[in-house]
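The values are calculated or read from the model by the stated rules, or taken from the named source; none is laboratory data. This one's a predicted model, so the numbers in the text were calculated from it and none came from an experiment. Positions of Cβ are backbone-derived with ideal geometry, glycine not excepted, and every protein chain shown enters the neighbour counts.
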Amino acid sequence: MFQVLLKLKWFFKQYWKRYTFAIIALIVASVIDLIPPKLVGMAIDEIQYNTLTQERLIELLLIYGAVIIASYSISYLWDYTLFSGAMIMEKTMRSRLMNHFLRMTPTFFGLNRTGDLMAKSTNDLKAISLTAGFGILTLVDSTVFMMLIIVVMGATISWKLTLAALLPLPLMALAMNKYGKVIHSRFTDAQTAFGGMNNDVLESVRGVRVLRAFVQESRDESHFQKMTNDVYHKNVRVAKVDALFEPTITVLVGLSYTIGLGYGAALVFQNLITIGEMVSFNVYLGMLIWPMFAVGELINVLQRGNASLDRVTETLEYKADVFDPKTPSFLDRPDKIVFDDVTFHYPETEVAGLKNLSLAINRGMTIGVVGRTGAGKTTLFRQLLREYPGLSGKLMINGRDINKLPLELTRSWVGYVPQDQILFSKTVRENIQFGKTDASDEEIYEVLKLAHFLNDIKNLPGGLDTKVGESGVTLSGGQKQRVSIARAFIMDPEILLLDDAMSAVDGSTEAAIIEHLKEERRGKTTLIAAHRLSAVTHADHIIVLNEGRIVEQGTHDQLVRKGGWYQEQYHHQQLDSDNGEVGR
């Protein structure tokens with residue numbers, strides 16, 4: 001049960017001053033809270049023996065008032081210190097998770113569903129935070145405060161009466177232990193189910209247009225209902241065990257009260273204790289109710305926190321499969337890129353994405369990469385992005401193995417426009433500034449001109465300040481592509497990768513972007529993957545991929561004269577273009 005506290009010792013060690021102060025203040029407040037029942041007992045005895053004077057009453061009332069003020073002040077201090085520490089824990093863990101997510105490669109996100117990662121970043125962190133705050137409170141109250149009450153009851157009133165009233169405690173310990181084990185198992189299941197539901201909701205929201213287009217709203221609603229029912233039932237199973245804590249404790253506390261009243265009355269009749277002591281004892285017994293409840297809450301909170309911490313730790317302990325070399329090399333800029341007999345398999349697949357691929361790219365060259373769907377175009381780009389391990393052969397930059405260079409260095413050279421453009425729920429300006437954080441509006445308008453987006457930006461309601469919505473939902477496919485291209489242009493990268501980045505724009509817009517590309521990218525390396533061959537006809541060198549192999553290569557003119565897939569595809573697309581012109 002206390003394993004979770006040991007697992008969090010790194011945090012408690014880091015903030016030991018805060019937690020030491022909070023625990024000491026909590027104990028001091030507990031000691032002060034033991035004084036009022038004693039004052040009540042003394043007053044009752046003095047009333048019984050007719051020795052209570054006005055001066056004595058005022059004295060007792062002043063002491064009582066001072067105790068209340070001291071208790072309030074110290075309670076504020078420990079409460080603020082302890083629970084702000086819990087907030088620091090949540091903030092620290094959330095930052096660690098986010099930093100971890102940003103370092104992970106696609107393999108990690110393929111193994112972990114987004115919804116489950118969101119659940120770990122929210123519900124699980126809340127449970128861990130509760131452990132670092134409320135868990136410490138219940139730990140102190142269920143141990144130190146309880147022991148203080150018991151010692152005061154025994155030492156100042158009667159050990160016999162105290163021990164008799166505490167006879168139900170072992171039964172409570174057994175019950176709490178059993179409930180705690182069940183809570184851990186069921187809470188883990190509930191959190192896993194919640195993560196699955198999160199993931200399904202995320203997919204439904206992202207794919208809402210497809211759902212409507214295929215009239216699948218009812219089916220998706222039915223599926224969601226099943227998911228929510230599953231989450232509901234698993235949380236109900238947790239609640240059923242949770243609900244056993246309070247009645248169990250209530251029954252056992254009631255049993256303690258019964259013993260205390262019965263045996264205490266007998267001791268009063270035997271003149272072994274006074275009526276005032278009897279009253280004080282019952283007040284202390286009432287004060288024991290919270291520490292006894294705290295035992296149940298402690299086990300509940302620690303088991304939930306332990307289950308959540310295990311889930312979060314499992315994620316944090318996942319090691320990135322692409323990492324920096326121990327002794328990195330450094331280069332000023334990439335002058336020559338060489339793929340030397342490169343073969344690559346995606347993790348957990350036997351089919352090679354690239355097979356014995358060799359290619360030399362000199363600085364300033366524009367390389368066209370074409371081929372059928374699934375031929376390996378994106379896979380080729382991913383080798384330069386270093387998203388996956390497992391490359392065999394050599395990928396060299398200026399004669400040095402790319403794996404010997406720091407990840408941050410190689411990725412800082414690359415500007416990437418993927419097939420599926422990712423825009424953030426920010427303004428057009430902010431999305432473009434991802435490529436250059438300090439970019440001025442003049443620079444942004446310049447790259448928008450290069451991306452053939454100036455007319456579009458004038459028609460948007462807020463211009464550069466137009467919110468694009470989640471994933472750019474308010475923009476068309478072609479507009480999203482051009483904003484993404486502008487974001488890459490403003491970065492002015494050493495290596496620009498355009499992965500079918502103009503598939504959603506018309507031919508004239510594509511031609512304008514290509515013309516700007518040729519002017520602006522002089523002396524810089526550009527790789528363009530495309531299905532529409534008009535996007536690569538200007539390239540210095542074109543390779544045709546098929547099943548991960550280079551089956552044709554050369555300039556556009558050479559490939560057209562040579563015959564083969566490129567010539568056939570080019571003539572076919574030209575014919576389609578001519579037919580389109582005739583149709584218009």
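Could you tell me which numbered condition LEU139 fails, if it satisfies all but one of (1) crowded, with 16+ Cβ neighbours inside 10 Å; (2) free of Cβ contacts under 8 Å to residues at least 12 places away in the same chain?
Exception for LEU139: condition (2).
For LEU359, all conditions in the list (1) out of contact with any helix residue (DSSP H, G or I) (no Cβ under 9 Å at 6 or more places or on another chain); (2) touching a residue at least 12 places away in the same chain (Cβ under 8 Å) hold save one; what is the number of the exception?
It fails just one condition, (1).
Among (1) buried (at least 18 other Cβ atoms within 10 Å of the Cβ); (2) within 30 Å of ALA193 (Cβ to Cβ), which single condition is ARG94 missing?
Just one mismatch for ARG94, condition (1).
For every residue, the table says whether it meets (1) of a type outside the set (Asp, Glu); (2) more than 30 Å from VAL40 (Cβ to Cβ).
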site: SER73; (1), (2): yes, no
site: GLY85; (1), (2): yes, yes
site: SER95; (1), (2): yes, yes
site: LEU102; (1), (2): yes, yes
site: PHE134; (1), (2): yes, no
site: ASP141; (1), (2): no, no
site: ILE149; (1), (2): yes, no
site: VAL152; (1), (2): yes, no
site: LEU163; (1), (2): yes, no
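Out of all the residues in the range 399-407, is one or more on the phi < 0 side of the Ramachandran plot, touching a strand residue (DSSP E or B) at 6+ places or on another chain (Cβ under 6 Å) and either among the aliphatic types (A, V, I, L, M) or crowded, with 18+ Cβ neighbours inside 10 Å (or both)?
Taking every residue of the range 399-407 in turn, at least one turns out to be on the phi < 0 side of the Ramachandran plot, touching a strand residue (DSSP E or B) at 6+ places or on another chain (Cβ under 6 Å) and either among the aliphatic types (A, V, I, L, M) or crowded, with 18+ Cβ neighbours inside 10 Å (or both).
Within the range 197-249, can you find the residues that are under 19 Å from ASP116 (Cα atoms), among the polar types (S, T, N, Q) and either buried (at least 17 other Cβ atoms within 10 Å of the Cβ) or modelled with pLDDT under 85 (or both)?
Scanning the range 197-249 gives ASN198, ASN199, SER204, ASN235.
Rundown of residues vs (1) over 30 Å from MET278 (Cβ atoms); (2) assigned by TED's automatic domain parsing to the domain that holds VAL201; (3) aromatic (Phe, Trp, Tyr), yes/no style:
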position	(1), (2), (3)
ARG56	no, no, no
LEU60	no, no, no
ILE63	no, no, no
PHE109	yes, yes, yes
LEU130	yes, yes, no
ASP141	no, yes, no
MET147	no, yes, no
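Out of the residues in the range 29-66 that are in contact with an Asp or Glu (Cβ under 8 Å, 6 or more places away or on another chain) and in a helix (DSSP H, G or I), which is modelled with the highest pLDDT?
If we filter the range 29-66 for residues that are in contact with an Asp or Glu (Cβ under 8 Å, 6 or more places away or on another chain), which is where we start, we get 30, 41, 45, 52, 56.
Cutting the leftovers down to in a helix (DSSP H, G or I) gives us 30, 41, 45, 56.
Numbers: SER30: 90, GLY41: 86, ASP45: 84, ARG56: 86.
Here the answer is SER30.
Just checking, which of GLN383, GLN419 is of a type in the set (S, T, N, Q), crowded, with 17+ Cβ neighbours inside 10 Å and either assigned by TED's automatic domain parsing to the domain that holds THR537 or within 34 Å of the chain's Cα centre (by Cα) (or both)? Steps first, answer last, please.
Numbers: GLN419 fails: crowded, with 17+ Cβ neighbours inside 10 Å.
It is GLN383.
From the set of residues in the range 547-584 that are of a type in the set (A, V, I, L, M) and modelled with pLDDT under 90, which is nearest to LEU533 (Cα to Cα)? Spell out how you get there, then give the answer.
Kept after step one, since they are of a type in the set (A, V, I, L, M), are these residues of the range 547-584: 550-551, 559-560, 575, 582.
Still in the running and modelled with pLDDT under 90: 575, 582.
Details: LEU575: 13, VAL582: 20 Å.
Looking at the filtered set, the residue picked out is LEU575.
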